[in-house]
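J.: Starting off with a structure, shown below.
Every read-out reported here was derived from the displayed coordinates using simple, explicitly stated rules and does not represent laboratory data. From a predicted model like this one, the values you see are computed outputs, not experimental measurements. Positions of Cβ are backbone-derived with ideal geometry, glycine not excepted, and every protein chain shown enters the neighbour counts.
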Amino acid sequence: MDEFLRFQPLPQERVWGGRALATALGRTLPPGDRPIGESWEIVDRPEAQSVVVGGVFDGLTLRQVIERHSAAVMGPRWPAGKPFPLLVKWLDCRERLSLQVHPPAAVAVALGGEPKTENWFVAAAEPGAHLIVGLKSGVTREKFEAAVAAGTVESCVNRFPVAAGDSVLVPSGTVHAIDGGNLILEIQQNSDTTYRVDDWGRVGLDGKPRQLHVAESLQSILWDAELPPVIKNKAPRGRKMFGQPVPEEPATLADTSEFRITRLHVAMGGRLDSHAGQQPLVLSVIEGRLASASEEVKRGDNVVLPFKGKFTFVAVEDSVVIITSGFAPVEGQLRYYRLFCRVLTMLLTVSKGDGPAGFDDRDVLRMSVVALGCSGVFAVWSYAGGSDDGAVFLIGFIGGFGGSPTCLLLSIWQMHRYRRTGKALLAAVIGAVGTLVSWGAVYLRVAGKF
C-alpha cells in the first residue's frame with residue numbers, strides 16, 4: 001500500500017466556536033456565520049465517518065477501508081470490525097468551553113459512556129490564552145461539590161497560560177476546559193462521552209441552557225490525580241551535519257497505553273521516513289509543507305500512514321509535524337525490539353524515545369548501555385575462567401559480542417539516515433567501547449590469555 005489516507009474534514013457547529021478554521025487552516029466552512037468549533041479530521045464512529053479523498057480508496061469511508069484492508073492499514077492482528085482507535089480534531093475555541101470531564105475506564109461502562117484520554121497541542125494562541133486542567137491542591141470532592149452548587153467552581157481548578165507550541169495530556173478522569181483564543185489539535189481516544197460540570201451560565205445554539213451532568217462528573221473525577229505536565233515549545237536551532245539540515249531533537253508529548261505522540265521540527269530539505277511493516281501512524285502538519293513522491297501535505301493536514309506503507313517526506317520549508325503512534329499493536333521485526341526497549345526504560349529509569357516509527361537514537365542509547373554492561377560481564381566472566389555454558393556466558397556473549405557492534409551500526413545509521421547527533425553519537429561511542437571490550441575478551445579467551 002503505497003498511498004497514505006487523506007480525508008474530507010467534517011465541520012461541527014459548537015456554541016463556543018468561530019470561523020478561524022477557514023482563515024488559519026484554509027478550511028471550507030458551511031456558508032453563513034454559524035460558529036464552527038470543531039473539524040473532525042479522522043473519525044470512525046457510527047454517527048460520523050471520515051471519507052477518503054483521492055487515491056485508490058477515493059470516496060470510501062474509513063470504516064469501509066479497514067473492513068476490506070484491515071491488515072494492510074492497521075496490521076495483521078487488527079480485526080476488520082474494530083474501529084479506528086483515534087479521533088483527531090481541530091478546535092477553534094473562540095469562547096471558553098464548558099468545564100467537563102470524561103469518565104475513566106473503571107466507571108465509564110457503569111455510566112453508559114466511553115473513556116477518553118486526549119492530548120491538546122496549541123497551534124496558535126491569542127495573548128492571554130489559558131487552559132484549565134486538573135484541580136488545585138487540597139480540593140476534595142466535598143469542596144468541589146459545594147463550589148459547583150455555589151457557582152464558584154472556577155476557584156477549584158488549575159488555570160494556566162499557554163502559548164503556541166505548548167502541549168498537555170488530559171487523561172480520562174481529569175476535569176478540564178479550554179479558554180477562548182486557542183487553536184488546538186486534539187488527538188484522543190475514539191470516544192464522544194463528555195460530562196459537563198459547568199457551562200458558565202451560557203445558552204446553547206438553540207437559546208436554551210445546555211445540559212449539565214454534575215452527578216456523573218463527580219463519579220468520574222479522579223480526586224487524587226497529579227496535575228499533568230505542560231510540554232513547552234522548543235524552537236529549532238538550525239543545525240547541520242554533512243552539509244544537510246538536522247531536525248531538532250524530537251519531543252515526546254504523550255506516551256500512554258492509548259497512543260504515543262511525538263513532535264518533530266523538520267528543517268527545509270530534511271527527510272521524514274516511515275517504514276513498512278512496523279505500525280500505522282498519523283501524520284499531522286502543524287507548520288510548513290512536506291512533499292512525498294505523489295503529493296504534498298501542508299499546515300492543518302492529518303493523514304494516516306498505513307501499516308504496509310513505506311513513505312518518505314521531504315520538507316519543502318521549515319516544518320513542525322506531529323506523529324501519533326502506538327495506537328495499534330506493533331508488528332513485524334520491531335515488535336520485540338520495542339518490548340525490549342520498554343523493559344530497558346523501566347530498568348534504567350530514563351526517558352522514553354521519540355522515534356516516529358517505533359525507535360530512535362534514545363532507544364539505541366539505552367541498548368548500547370545494556371550491551372556495554374553485557375560486554376563487561378562477559379570480560380569479567382572470561383577473566384575469571386568461567387565456563388562456556390550457562391546463563392552468564394550466554395547473556396554476556398550474545399549481549400556484548402553481538403549487541404555492542406549492533407548498537408554501533410544502528411547509531412551510525414541514525415546519524416547518517418536521520419541526521420541525528422547527540423544521543424546517537426554517544427551511543428556510537430558506547431557501542432564502540434563495548435565492541436572493543438567484548439571482542440577483545442573473545443580474542444584473549446581464544447588465545448588462552450584468559
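J.: Starting from the Cα of Gln12, move 7 Å in the Cα-to-Cβ direction to define the label point; list residues of the range 79-93 whose amide nitrogen is under 20 Å from there.
T.: 83-93
J.: Given the Cα atoms of the range 92-182, and with Rh set as the inverse mean 1/r over their pairs in the Kirkwood sense, what is Rg to Rh to two decimals?
T.: 0.99
J.: Let me ask you something else. Using the per-residue mean of other Cβ atoms lying within 10 Å as a proxy for protection, in what order, highest first, do the peptides 163-173, 138-148, 67-77 fall?
T.: Top of the packing list down: 163-173, 67-77, 138-148.
J.: Same structure again: Which far-off residues, 5 or more places away or on another chain, put their amide H under 5 Å from the one on Asp301, with H placed in the peptide plane?
T.: Val285
J.: How big is D, in µm² s⁻¹, for the range 240-328 by Stokes-Einstein at 20 °C and 1.002 mPa s if Rh is the Kirkwood radius over C-alpha pairs?
T.: My calculation gives 162 µm²/s for D.
J.: I would also like to ask the following. Determine the sum of side-chain charges near Ser98: Lys and Arg each +1, Asp and Glu each -1, restricted to other residues whose C-beta is under 11 angstrom from that of Ser98.
T.: For residues surrounding Ser98, the net value is +2.
J.: Still on this model: What does the net charge come to around Pro85 if you take all other residues with beta carbon closer than 12 Å to its beta carbon, with K and R at +1 and D and E at -1?
T.: Local charge sum for Pro85: 0.
J.: Using the structure shown, select from Lys232/Lys308; Lys89/Lys308; Lys232/Lys423 the pairs with a Cα to Cα distance greater than 30 angstrom.
T.: Distance filter (> 30 Å) returns Lys232/Lys308.
J.: Now for a separate question. How far is the Cα center of the range 105-125 from the Cα center of the range 253-268, in Å?
T.: If we compute the Cα centre of each part, the gap is 18 Å.
J.: Still on this model: In the P(r) worked out for the range 1-44, what percent of Cα pairs fall beyond 18 Å?
T.: Result for the distance tail: 31 percent.
J.: Going highest first, how would you order 318-326, 29-37, 79-87 by mean Cβ packing within 10 Å?
T.: 318-326, 79-87, 29-37
J.: Can you give me the long-range amide H partners of Arg289? Hydrogens built in the peptide plane at 1.01 Å from N, cutoff under 5 Å, separation of 5 or more residues or another chain.
T.: Residues meeting the criterion, in which the H sits 1.01 Å from N, are Val316, Glu317.
J.: Now, a different point. Going by amide H atoms built from the backbone, whose H comes under 5 Å of the H on Gly326, apart from near neighbours?
T.: So Gly326 has HN proximity to Arg260.
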